[in-house]
Amino acid sequence: MEYVELGWSDLKVSRIGLGTWQFSEAWGLTEYEKAKQVISKAVEVGINFFDTAMVYGRGMSETFLGRAFKELGVKREDVVIATKIPGEFLQPDDVFKAVDRSLKRLGVSYIDLLQIHHPPTHHNFPTSKYARALERLVVQGVVRYLGVSNYPIALVEDLRTSMSITDIVSMQYRFNLVERWAEEELIPYAEANDLAFIPWSPLAKGALSGKYTLENIGELKDLRANDPVFNEENFKKILPLVNLLREIASKYGKTPSQVVLNWLVNYSPAIIPIPGAKTPEQVEENAGSVGWRLSYEDWRAIDELSRSIRITYVVW
Ligand SMILES: NC(=O)c1ccc[n+]([C@@H]2O[C@H](COP(=O)([O-])OP(=O)(O)OC[C@H]3O[C@@H](n4cnc5c(N)ncnc54)[C@H](OP(=O)(O)O)[C@@H]3O)[C@@H](O)[C@H]2O)c1
């Protein structure tokens, strides 16, 4: 496994992290023992960066993560825990209450990275007020670093201006080979400000893994049943890319998922993908996406084909 610094911080994180939204009803992995096997494999292959959120399974993901670390004897300082506070929990008093509960579920005394999951779009919570509350958590030592997720640049700027003792260290957004909007403004902003860019759904929720076809996408019963990428009209557009990924993968003795993740880390040094996994085998495979490099020609061929794909979110 390769390790990099998370943005301007002193946190050393594995180049490939583990996303844990999978430990929820939305994705269907709700059995603790199965989640523990996934976490155990991640630790074994050198993954130390774990992304969770308060809302994943309404605390289930955080609880599983904390319990597994304890049972596996993982030392607190050997893992970097990134969780998220939802935009609805940003009235100042709720910020403290939410973080207290998160710490309890995770069974830890501090969170390495607290990300704001999304802006408080449905509420008039002024940025300066919740920024002050979040910074108090850093002063108290219960949060080491702050980050944003799904924030437009104007709001990122607003938040950073409102902060007085620290700065955000990371930005997390959707970014994968068929959903590339983040490269318009968000990734250049992260790069220019020495912030980590954490792409979510790096495998396009498994659509780029090569195992889904027009014949079997209709059988998906989890959140992907309603995901635009798995809509037939869109899925048809991405199939040529999946074929190219398969072709290139076989040249290197790798899998399409490994090629996708290798492509992403070679897109920018700021990028730290957090693929989700349902099995220990997937974790191991995803960890094997670094330690080698796609040739410039192959990287370009994937880039070009991926750029020509325009999926639509108007699917009904
Ligand atoms: N900040 C946000 O708003 C936000 C939003 C979404 C996600 N996230 C975070 O980002 C993480 C990753 O995103 P995601 O879970 O949406 O999508 P993803 O990582 O693109 O896809 C994960 C899914 O792909 C399949 N998969 C993974 N590795 C595979 C492999 N090697 N071979 C074949 N299939 C494989 C698995 O599903 P199957 O085996 O069932 O196909 C897995 O559940 C989440 O866990 C979460 O931590 C954050």
Please work out which residue is most open to solvent (accessible area, probe 1.4 Å), limiting yourself to the range 38-60 and to residues that are within 11 Å of the ligand (Cβ to nearest atom) and assigned to a loop (DSSP other than H, G, I, E, B). Val55
I need a count of the residues in the range 210-248 that are over 28 Å from Val148 (Cβ atoms) and outside any helix (DSSP H, G or I). 10
Hey, any hits in the range 184-197 for a residue that's open to solvent by less than 10 Å² (accessible area, probe 1.4 Å), outside any loop (DSSP other than H, G, I, E, B), more than 10 Å from the ligand (Cβ to nearest atom) and in contact with a helix residue (DSSP H, G or I) (Cβ under 6 Å, 6 or more places away or on another chain)? yes
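Taking Val13, is it touching a strand residue (DSSP E or B) at 6+ places or on another chain (Cβ under 6 Å), under 23 Å from Ala287 (Cα atoms) and not in a loop (DSSP other than H, G, I, E, B)?
Working: touching a strand residue (DSSP E or B) at 6+ places or on another chain (Cβ under 6 Å): yes; under 23 Å from Ala287 (Cα atoms): yes; not in a loop (DSSP other than H, G, I, E, B): yes.
Considered against the rule, which asks whether it is touching a strand residue (DSSP E or B) at 6+ places or on another chain (Cβ under 6 Å), under 23 Å from Ala287 (Cα atoms) and not in a loop (DSSP other than H, G, I, E, B), Val13 comes out as yes.
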Test Gly73 against the stated conditions and say whether it is surrounded by fewer than 20 Cβ atoms within 10 Å (Cβ to Cβ), more than 14 Å from the ligand (Cβ to nearest atom) and in contact (Cβ under 8 Å) with a residue 60 or more places away in the chain. no
Looking only at the range 14-37, filter to residues that are within 14 Å of the ligand (Cβ to nearest atom) and under 17 Å from Pro273 (Cα atoms); which one of those is surrounded by the fewest Cβ atoms within 10 Å (Cβ to Cβ)? Trp21
Could we say that Ala225 is over 24 Å from Ser295 (Cα atoms), crowded, with 17+ Cβ neighbours inside 10 Å and not acidic (Asp, Glu) here? no
Considering only the range 264-291, how many residues are over 19 Å from Pro188 (Cα atoms) and more than 10 Å from the ligand (Cβ to nearest atom)? 3
Residue check, Arg174 surrounded by fewer than 20 Cβ atoms within 10 Å (Cβ to Cβ), within 25 Å of Pro273 (Cα to Cα), of a type outside the set (Ser, Thr, Tyr) and at pLDDT 95 or above: yes
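Please state which one of Leu294, Leu261, Leu244, Leu220 is of a type in the set (A, V, I, L, M, F, W, C), in contact (Cβ under 8 Å) with a residue 12 or more places away in the chain and more than 27 Å from Glu185 (Cα to Cα).
Details: Leu294 fails: more than 27 Å from Glu185 (Cα to Cα); Leu261 fails: more than 27 Å from Glu185 (Cα to Cα); Leu220 fails: in contact (Cβ under 8 Å) with a residue 12 or more places away in the chain.
After applying the criteria, what remains is Leu244.
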When the range 290-316 is checked residue by residue, the ones that are open to solvent by 90 Å² or more (accessible area, probe 1.4 Å), of a type in the set (Phe, Trp, Tyr) and in a helix (DSSP H, G or I) are Tyr296
Hits in the range 198-211 (condition: more than 7 Å from the ligand (Cβ to nearest atom) and either free of Cβ contacts under 8 Å to residues at least 40 places away in the same chain or not hydrophobic (A, V, I, L, M, F, W, C) (or both)): Pro199, Ala207, Gly210
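Each row is one residue, and each column tells you yes or no for (1) of a type in the set (Lys, Arg); (2) away from the ligand (no atom under 16 Å from the Cβ); (3) assigned to a strand (DSSP E or B).
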position	(1), (2), (3)
Thr83	no, no, yes
Glu88	no, no, no
Asp94	no, yes, no
Ser128	no, yes, no
Ala133	no, yes, no
Tyr151	no, no, no
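The values are calculated or read from the model by the stated rules, or taken from the named source; none is laboratory data. What you see is a predicted model; the values in this text were computed from it and never measured. Note that each Cβ is placed from the backbone with ideal geometry, even for glycine, and that neighbours are counted across all protein chains shown. The protein model used for the area step is the full one, side chains on, heavy atoms only, and it has no ligands, DNA or RNA in it. Shrake-Rupley method; radii C 1.70, N 1.55, O 1.52, S 1.80 Å.
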